[in-house]
Amino acid sequence: MLFRSEVLQFQFINGYTRRLGINYTVPYINRKQNIGLSAGIFFSRNHEITYDTKNNKLLFFKDQDRFPRNDFSTYVSINKRKGIYQYFFTSVEYRRNITLDTVLSLNPDFFINQSTTQQGLSISWKYRFDKRDYKPYPMRGVYFEFDVFRSGFATMKNEPDLTSFSAGIRKYVKLNEKFNFSGMLKARITQLSKAPFYNQKAIGYGQDYIRGYDYYVINGQNFFLIKSQFKYTLMKNRVYKMGLIKTEKFNKIPIAMYLNAFGDGGYVSDRFYNATNTLTNSFQYSYGVGFDYVTYYDLVFRVEYAINRLNERGFFFRVGAAF
């Protein structure tokens, strides 16, 4: 069997955060060229760790001499493409996390069973339907995702019992030559027999955020998130040639600019830690205006002015499309 375009990646970071890893990807392993494989193993540790939240803000513990965060993980993933737009992913992962006694004294529920170690085998299944015109900054099309995650098979000590289901849809519509509308809805349901802090992430992480709540996280078990925006094309994609750069690959710079007005909202359900985090179990929302700058290598720079339900307002700079 002939493998083509295999990618072998090494990671090495030294300093305050230390990380060592290797990742191997094969785009396809069958004659139809629609099944791929990836695998990796990673180890990281840090002098700083997030040990709790208060008033929906992260609390940090630092130790200059020791490493309160020690993470090890290894995984194998198989992906299958059906047609042009449908993708299926199945992954198996083992993860072990170790912290210090000091962290447990600050938050006894940081890991499962009030232990300094949490580990477990997990299986995840993901489905993606992706029919967008330009993935880094879509203007037309639809995207649908559905995930199932299971961790805990009663085979290891200090293994969390966790099952979650999440689904999301995004729609992008071109209204006319100048105006576009886009909207998204995402929801997650989580079952936890116990509730270690480490497994409580909800809104405020990765792409699951409400604009205007950049200084907060809203942890919990279940959540839904909604975003919408109207976009005005200030400048269509234009290519400028830099005469001082001789290399053809780098001397052409595409530029596009957009203005937008947006509204976001979300709700997080938390049964365990809501006493000191008042943004949970209540609907949160924001609205505002923004400016998007799109250039080469799929880079998107955004400046937004947002007002949230707390009547807090401010300018925020981000990299990447809103959704």
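The values are calculated or read from the model by the stated rules, or taken from the named source; none is laboratory data. For clarity, every value in this text was computed on a predicted model and none was experimentally measured. Glycine also receives a Cβ, built like all others from the backbone with ideal geometry; neighbour counts cover every protein chain displayed. Ligands, DNA and RNA are excluded from the accessible area calculation, which covers all protein heavy atoms including side chains. Shrake-Rupley method; radii C 1.70, N 1.55, O 1.52, S 1.80 Å.
Points to keep in mind about this one:
- For segment 1-107: Kirkwood Rh in Å [reciprocal of mean 1/r, alpha carbons]: 16.6
- Solvent-accessible area per residue in the chain equals 56 Å², computed with a 1.4 angstrom probe and all protein chains kept.
- Label-to-label distance for Asn281 and Met235 is 5.0 nm, based on points extended 7 Å past Cα in the beta-carbon direction.
- Potential extension, Tyr215-Phe153 segment - 0.36 nm per residue separation minus Cα distance: 18.7 nm
- Carbon/sulfur fraction of accessible area - the chain, other protein chains in place, 1.4 Å, %: 59
- Phi angles across segment 21-27 convert, under the Karplus curve 6.51 cos²θ - 1.76 cosθ + 1.60 with θ = phi - 60°, into 3J(HN,Hα) values of x, 9, 9, 10, 10, 10, x Hz, Gly and Pro given as x.
- Spin-label model, Ile253 to Met139: label points 7 Å out along the Cα-to-beta-carbon direction sit 2.1 nm apart.
- Taking all Cα pairs closer than 8 Å and separated by 6 or more residues, the relative contact order of the chain comes to 10 percent.
- Estimated FRET transfer efficiency (Tyr94, Tyr16; beta-carbon r; R0 22 Å; 0.05): 0.25
- GluC sites (Glu not before Pro), loop per DSSP, at most 15 other Cβ atoms within 10 Å - longest free stretch of the chain: 7-176
- Shape class for segment 39-164: prolate, because the ratio a/c of the largest to smallest gyration tensor axis (alpha-carbon atoms, square roots of eigenvalues) is 1.5 or more and a/b beats b/c.
- Stokes-Einstein diffusion coefficient of the chain, Kirkwood radius over Cα pairs, 25 °C, 0.890 mPa s, in µm²/s: 110
- Sum of side-chain charges, Thr53 neighbourhood, beta-carbon under 13 Å (Lys, Arg +1; Asp, Glu -1): 0
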